Amino acid sequence: EPWELISTPTLLDNPVAPRKKRIVALGLLGGLVLGCGIGLIRDRQSGLVFSYEELKALIPCPLLEALPATAPEQWTNTAHLLVQGPLADAKSVALIPVGDLATIQLKQLSQALKNALCDRQLHVGSDLLANRNCSTQLLVTAPGAPQRQQLQQLRKQLALQGTPLAGWLLIDPELEA
């Protein structure tokens, strides 16, 4: 008979399929790997520089100070220290924003520097030709504001210009007051 049983039926202790825990674990692991990979690719394609170490490597002068973005009232003390230290001999200072900085932060920093410089001039702008008559230049940026290509181009232009750079300031949103 074609429908005759050859052996007695047995039940296994564990189900054969589907293995729900394995499917969920592999789905989570695959999603994590895929998400991290896509995030890294999008970060590289955006060209924005978020890392302090990468900023330090791409900007051709020393970091003078990291300013807390959430406490602009502390910038006044830093401005006075800068004017007495690296900017002491400067007759005029050019504050050059690098990247897409928040306008309010740039205004607050320039106001603090103007107050500290007293009778000396402060020029604010990213046009290097307009700032070439200043005796020294000061760069200011924030993580995620500049692009790699923009920093590389700025580095070349500053080398061609030959105007002394006092250093650069970092407005860091992660820095606590």
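The values are calculated or read from the model by the stated rules, or taken from the named source; none is laboratory data. Here the structure is a predicted model, which is why all the values come from computation and not from measurement. Cβ atoms come from the backbone with ideal geometry, glycine included; neighbour counts cover every protein chain shown. All accessible areas refer to the heavy atoms of the entire protein, side chains included, with ligands and DNA or RNA removed. Shrake-Rupley method; radii C 1.70, N 1.55, O 1.52, S 1.80 Å.
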Convert each backbone phi in the stretch 54-61 into a coupling constant with the Karplus relation 6.51 cos²θ - 1.76 cosθ + 1.60 (shift: θ = phi - 60°), then list the ³J(HN,Hα) values in order as whole Hz, x for Gly and Pro.
5, 4, 4, 6, 8, 9, x, 8
Apply the Karplus parameterisation 6.51 cos²θ - 1.76 cosθ + 1.60, with θ equal to phi minus 60°, to every residue of the stretch 154-161 and state each ³J(HN,Hα) to the nearest whole Hz, in sequence, with x for glycine and proline.
4, 4, 5, 5, 5, 5, 5, 5
GNM on the chain, C-alpha springs below 10 Å: top fluctuator among P18, P86, P97?
P18
Once fully extended, how much extra length lies between K107 and Q149, figured as 0.36 nm per residue of separation less the alpha-carbon to alpha-carbon distance?
12.6 nm
Straight-line reach from K107: which lysines have Cα under 26 Å away, leaving out those fewer than 8 places along the same chain?
K56, K91
Comparing L106, L122, L40 in a Gaussian network model of the chain (Cα, 10 Å), the one with the largest mean-square fluctuation is L40
Among [x] 10, 37, 37, 13, 3, 0; [y] 8, 29, 24, 10, 7, 6, 5, 4, 4, 3, 1, 0; [z] 8, 30, 34, 21, 6, 1, the value of P(r) over Cα pairs in 10 Å bins from 0, in percent computed for this structure carries the label [y]
Contour minus Cα-Cα distance for E174 and W3 (0.36 nm per residue)
54.1 nm
Can you divide the C-alpha Rg of the stretch 1-78 by 2.2 N^0.38 Å and report the result to two decimal places?
2.60
Going 7 Å from the Cα of Q121 along its beta-carbon direction, which residues of the stretch 82-103 have the amide nitrogen within less than 11 Å of the resulting point?
91-94
Quick query: amide H of L165 versus all other amide H atoms, modeled in the peptide plane; which residues come in under 5 Å with a sequence gap of 5 or more or a different chain?
Q137
Kindly write out, for the stretch 92-97 in residue order, the coupling ³J(HN,Hα) from the Karplus curve 6.51 cos²θ - 1.76 cosθ + 1.60 (θ = phi - 60°), rounded to whole Hz, with x marking Gly and Pro.
9, 10, 9, 9, 10, x
So if a site counts as exposed when it's one of the GluC sites (Glu not before Pro), its DSSP state isn't H, G, I, E or B, and it has at most 13 other Cβ atoms within 10 Å, what's the longest stretch of the chain without one?
5-173
How much solvent-accessible surface does K114 expose, in Å² to the nearest 10, with a 1.4 Å probe and all protein chains in place?
100
Could you work out [θ]222 nm for the chain from helices alone, using -39500 (n - 2.57) per DSSP H run of at least four and dividing by all its residues? Round to the nearest 500 deg cm²/dmol.
-13500 deg cm²/dmol
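Output the relative contact order of the stretch 1-116, whole-number percent, from Cα pairs under 8 angstrom with separation of 6+ residues. Numbers along the way, then the final one.
Details: 25 pairs, mean separation 25.5, N = 116.
Relative CO of the stretch 1-116 lands at 22 percent.
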Pairwise FRET efficiency - T70 versus T163, Cβ, R0 = 35 Å, nearest 0.05:
0.65
Compute the distance from the alpha-carbon center of the stretch 100-177 to that of the stretch 17-81, in whole Å.
23
Would you mind telling me the share, in percent, of accessible area of the chain contributed by carbon and sulfur at probe 1.4 angstrom?
57
